[in-house]
């Protein structure tokens, strides 16, 4: 009886973790979200999708081995720079704010994160 109870608790915990995990967004979903947030044109959105797709491949390659925060950061920074080149001045301002909000959210959600 105790064993069944233990297994039940374990299953409940696993289901809880799985249902609370956020699914990873595809490059197309990221581009669509950015289109909405920055009011991108269809041409800009298509180019952003291509940039995110290339970055996604780089991330996959980088994470084949051990996790390296500096590689992750370099890929993310170069991706943001490439996207920034496509934007108007007002879109760049909004994009910069979005990036800063993400960084602040990551810092807040992960107090053990010592990155800048």
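Some observations on this one:
- Hits in the range 1-55 (condition: in a helix (DSSP H, G or I), at pLDDT below 65 and closer than 27 Å to residue 76 by Cβ): 17, 18, 20
- A Cβ distance below 6 Å, combined with a sequence gap of six or more or placement on separate chains, defines the contacts here; from the range 18-37, residues that are closer than 16 Å to residue 98 by Cβ reach residues that are modelled with pLDDT of 95 or more in the pairs 30/52; 31/45; 31/48; 31/49; 31/52; 34/48; 35/45.
- Of all residues in the range 62-84, those satisfying the criterion of being closer than 29 Å to residue 41 by Cβ and surrounded by 13 or more Cβ atoms within 10 Å (Cβ to Cβ) are 74, 75, 76, 78, 79, 80, 82, 83, 84.
- Evaluation of residue 82 against (1) part of a loop (DSSP other than H, G, I, E, B); (2) touching a helix residue (DSSP H, G or I) at 6+ places or on another chain (Cβ under 7 Å) (one fails), failing number: (1)
- Verdict on residue 67 being within 16 Å of the chain's Cα centre (by Cα) and in a loop (DSSP other than H, G, I, E, B): yes
The values are calculated or read from the model by the stated rules, or taken from the named source; none is laboratory data. It should be emphasised that the depicted structure is a prediction, and the values quoted were computed from it without experimental measurement. Reconstructed Cβ throughout: ideal geometry from the backbone, glycine too, with neighbour counts over all protein chains shown.
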